[in-house]
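Undergrad: Pasting a structure here, questions to come.
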Amino acid sequence: MTTVARVTTTTSSVRLHTPFVTALRRTETTDTVVVTVTDSDGRTGWGEAPQVWQVTGESLASATACVEQMLAPAVTGHRLDDRSDLAHAAAAVQRAVARNFGAKAAVDAALHDLVAQAEGTSVAALLATRPDGIRDVLTTDVTLSAGAADALADTARARVSDGFRTLKMKVGTDASTDVQRVASVRDAVGPDVAIRLDANQGWTREEAVQVIRALEVADLGVEFVEQPVVADDVEGLAWVRQRVGLPVMADESCYGLYDLERIIRLGAADLVNVKLAKCGSLTVGRDMLRRAHDAGLRTIVGSMMESHVGVGAAAALVAAEPTTEVSDLDAAWWSVTSPVVGGIDYSGNQIRVPMADGLGISGFVHRD
């Protein structure tokens, strides 16, 4: 009988090659808690809880405390002989504490990693309805941090040279100049590169409508606008969507299935962004994608500023349950190095997802 033997936490701070700037924050490092779960047969599963004060409210200290004081006792000793045991252990994680979704997602991913390793397969295979439909190579967009128009144009050209064909612009820092910045990027990259916008809650309802209508008039070829208003204002999200033509995506307004149902009921969005650090579980993330598809909503899977561990779990979800749009999995691309050996691998705008040995991670590069 295989059981969960121990759960450990390690804080990780990885330097970014370029500062990451949004309407909510600026960071030059990826700061996370890497969680390992070891079973009685000596295998180790991996997960990650990102520190994102301005979105999830979780910190390195709070995630560490949650894992060590609440989640570890909830799963230690649990059987992990098969997928049924995995489901029971994963449910125990969700019951153990309210919210704390990043910490839950880290332990949940590590449990999935363990069972996949035991089966000699991938985490994607555990999640997929049709294992023969799993994709081992995914495409990602890349973020353009908020900044001045000229600098954004230069950065956009550089990212296209790096191989990216979908650019995610961070706007919402100044509604009066947002359209100008988008126009600058469009002029820099030409008509064949996709541009999507993320306001990160930076506009009021009225500003959102004004800016989006101006974008429509300028005909800048914007794919969609993500989270134009504050997260709690789902009615405002619906209000904006009713008044503009460009598709609207919910991100910070949509954590789990309850939020998704509210968005569907209010007609608040055309798309949703599913993130493990918001929903706390690979299976919940998969269920959200399926429910959104059934309701006619388009989807992407995103990540916070996470390393190859957390992005690897999100990539496994996309490999198993394809999204309708190019997903937003560039977070680990920003890192100068990975804290672990193995896992996902970037090549331009493509991510190679391990198809065996769980998440494909074999150990730490170093411990901070």
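The values are calculated or read from the model by the stated rules, or taken from the named source; none is laboratory data. Keep in mind the model is a prediction, meaning the values are calculated, not measured. Ideal geometry is used to build each Cβ from the backbone, glycine not excepted, and the neighbour counts take in all protein chains shown.
Undergrad: Given Gly77, Gly57, Gly45, which one is under 20 Å from the mean Cα position of the chain (by Cα) and either in the same structural domain as Met169 (by TED's automatic domain parsing) or at positive phi (or both)?
TA: Gly57
Undergrad: Something else: Inside the stretch 80-100, can you point out the residues that are surrounded by fewer than 16 Cβ atoms within 10 Å (Cβ to Cβ) and at positive phi?
TA: Of everything in the stretch 80-100, just one residue is surrounded by fewer than 16 Cβ atoms within 10 Å (Cβ to Cβ) and at positive phi, namely Arg99.
Undergrad: Now, a different point. Do you know which residues across the stretch 307-323 are over 17 Å from Thr129 (Cα atoms) and either of a type in the set (Val, Ile, Thr) or in contact with a Cys (Cβ under 9 Å, 6 or more places away or on another chain) (or both)?
TA: Val309, Val311
Undergrad: Could you please tell me which pairs satisfy a Cβ distance under 6 Å, a separation of 6+ or placement on different chains, a first residue in the stretch 224-240 that is free of Cβ contacts under 8 Å to residues at least 60 places away in the same chain, and a second residue that is acidic (Asp, Glu) and assigned to a strand (DSSP E or B)?
TA: Listed by first residue and then by second, the contacts come to Glu226/Asp198.
Undergrad: Across the stretch 107-132, what is the total count of residues that are among the basic types (Lys, Arg) and not in a loop (DSSP other than H, G, I, E, B)?
TA: Within the stretch 107-132, residues that are among the basic types (Lys, Arg) and not in a loop (DSSP other than H, G, I, E, B) number 0.
Undergrad: Kindly list, by first and then second residue, each pair from a residue in the stretch 154-165 that is outside the structural domain of Thr18 (by TED's automatic domain parsing) to a residue that is charged (D, E, K, R), limited to pairs with Cβ atoms under 9 Å and residues at least 6 apart or on different chains.
TA: Listed pairs, sorted by first residue: Ala156/Arg186; Phe164/Asp141; Phe164/Asp330; Arg165/Asp141; Arg165/Asp192.
Undergrad: So which of Phe164, Phe224 ends up being among the aromatic types (Phe, Trp, Tyr), closer than 20 Å to Val301 by Cα and in contact with a Gly (Cβ under 8 Å, 6 or more places away or on another chain)?
TA: Only one candidate passes the filter, namely Phe164.
Undergrad: Tell me, which helices (runs of 4 or more DSSP H) lie completely within the stretch 20-106 with 2 or more residues that are among the basic types (Lys, Arg)?
TA: Passing ranges, in order: 83-96.
Undergrad: Here's something else I'd like to know. Quick one: in the stretch 232-257, of everything that is touching a Cys at 6+ places or on another chain (Cβ under 9 Å) and part of a loop (DSSP other than H, G, I, E, B), which residue is surrounded by the fewest Cβ atoms within 10 Å (Cβ to Cβ)?
TA: Gly256
Undergrad: Right, another one. Do you know which residues across the stretch 15-54 are of a type in the set (A, V, I, L, M, F, W, C) and buried (at least 22 other Cβ atoms within 10 Å of the Cβ)?
TA: Val33, Val34, Val35, Val37, Trp46, Ala49, Val52
Undergrad: On the basis of being buried (at least 19 other Cβ atoms within 10 Å of the Cβ) and assigned by TED's automatic domain parsing to the domain that holds Pro228, does Ala277 make the cut?
TA: Judged against the criteria, Ala277 is a match.
Undergrad: Would you say Ala103 is surrounded by 16 or more Cβ atoms within 10 Å (Cβ to Cβ), closer than 16 Å to Ser12 by Cα and in contact with a strand residue (DSSP E or B) (Cβ under 7 Å, 6 or more places away or on another chain)?
TA: Against the criterion (surrounded by 16 or more Cβ atoms within 10 Å (Cβ to Cβ), closer than 16 Å to Ser12 by Cα and in contact with a strand residue (DSSP E or B) (Cβ under 7 Å, 6 or more places away or on another chain)), Ala103 qualifies.
Undergrad: Another question about this same structure. Quickly run through the stretch 323-342 and pick out the residues that are more than 16 Å from the chain's Cα centre (by Cα), surrounded by 13 or more Cβ atoms within 10 Å (Cβ to Cβ) and without any contact (Cβ under 8 Å) to a residue 60 or more places away in the chain.
TA: Scanning the stretch 323-342 gives a single hit, Gly342.
Undergrad: Assess whether Asp330 counts as being of a type in the set (D, E, K, R) and touching a Ser or Thr at 6+ places or on another chain (Cβ under 6 Å).
TA: yes
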